[in-house]
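Structure first, commentary second.
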Amino acid sequence: MASLQELLGFCESDQELENRELVELMVYYETVVHGNDFCSSAEIRNMFTSINHPIPGRIAQYLTEGTSKQRRQYVKRGKGYALHRINLTKLDEKFSSYTGVVKPVSNENILTASSCTGGRKYLVSLVEQINGSYTYGFYDGTAVLMRRMMESLIISSFENKAKEAQIRDADGNYLMLRDLISQAKNPSNFKLSRGMGEVMDLIKDLGDTAAHNRSYITKKMDIDNVQSKFRRLIEELCVLAGIPNS
């Protein structure tokens, strides 16, 4: 993992960064390189100290201004800030030559991250992988990832409604997906829209076939036939899970 000083050296190879740019770099370092959900003002001050740089007096102002529609640098999250998805894409491209990792370009063919992730990093990553797999024609991977995202959101829905006991076995482990779906279909747990229970079964079958059938290869039309239903299901599960649009 690159150190902050190394990343700073890469950025300042052409010209010295201004304080506002340094703050942006530090948010990137904390949330992307270190993988944390957010970066706080206190953490930024500590990072300025670690690189022997005077601590700016306007850190909080830089962060607040960065959440405006004009700048779109940050989003407020937890006790700090994370990068706005537009800014994150820009910075990932900027640092790809330094990290040696080139992020594949994909279209939002299946899901839109802003409508079903609430900025949660694991969901953003799943959406990127689902869309990316579809874009590059890896349809078995697309199907398996769609199944995984549905399963994750079913669990989050029960947790959000304080019904987690309904989906754990006697040893405290989560139930198999077929049993999770059965519990989700139970009207005493959730009031799903008409047909959403059947969509869950459909996505499970699609993912199971892609993962376990030795001879069947998932085709583009298999995904195309279910993607609008899948999108509606995911957005409904996000509401049940208390995950807002980001």
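Here is how the numbers come out for the structure above:
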{"item": "Selection status of Glu12, surrounded by fewer than 18 Cβ atoms within 10 Å (Cβ to Cβ) and within 16 Å of Thr64 (Cα to Cα)", "result": "no"}
{"item": "Neighbours by Cβ (under 9 Å, 6+ apart or cross-chain): first from region 50-63, within 12 Å of Tyr81 (Cα to Cα); second hydrophobic (A, V, I, L, M, F, W, C) and outside any helix (DSSP H, G or I)", "result": "Leu63/Cys39"}
{"item": "Some residue of region 104-118 being assigned to a strand (DSSP E or B), among the aliphatic types (A, V, I, L, M), under 17 Å from the mean Cα position of the chain (by Cα) and surrounded by 14 or more Cβ atoms within 10 Å (Cβ to Cβ)", "result": "no"}
{"item": "Qualifying positions in region 205-234 - open to solvent by less than 30 Å² (accessible area, probe 1.4 Å) and small (Gly, Ala, Ser)", "result": "Gly207, Ala210"}
{"item": "Phe38 vs. criteria more than 30 Å from Met221 (Cα to Cα), modelled with pLDDT of 90 or more and either crowded, with 17+ Cβ neighbours inside 10 Å or in contact with a strand residue (DSSP E or B) (Cβ under 6 Å, 6 or more places away or on another chain) (or both)", "result": "yes"}
{"item": "Inter-residue pairs, beta-carbon under 8 Å, first within 17 Å of Thr64 (Cα to Cα) and in region 29-48, second of a type in the set (Gly, Ala, Ser) and open to solvent by 20 Å² or more (accessible area, probe 1.4 Å), 6+ apart", "result": "Phe38/Gly78; Ser41/Ala60"}
{"item": "All helices (runs of 4 or more DSSP H) inside region 126-241 with 2 or more residues being among the polar types (S, T, N, Q) and touching a residue at least 12 places away in the same chain (Cβ under 8 Å)", "result": "139-160"}
{"item": "Boolean, Gly57 is assigned to a loop (DSSP other than H, G, I, E, B) and either within 22 Å of Glu93 (Cβ to Cβ) or more than 27 Å from the chain's Cα centre (by Cα) (or both)", "result": "yes"}
{"item": "Any hit, region 78-88, residues being free of Cβ contacts under 8 Å to residues at least 12 places away in the same chain and either within 21 Å of Glu18 (Cα to Cα) or surrounded by fewer than 18 Cβ atoms within 10 Å (Cβ to Cβ) (or both)", "result": "no"}
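The values are calculated or read from the model by the stated rules, or taken from the named source; none is laboratory data. In this text the structure is predicted, and so the values were computed from the model without any measurement. Glycine gets a Cβ as well: all are built from the backbone with ideal geometry, and neighbour counts include every protein chain shown. Calculation scope for accessible area: heavy atoms of the full protein, side chains included, ligands and nucleic acids excluded. Shrake-Rupley method; radii C 1.70, N 1.55, O 1.52, S 1.80 Å.
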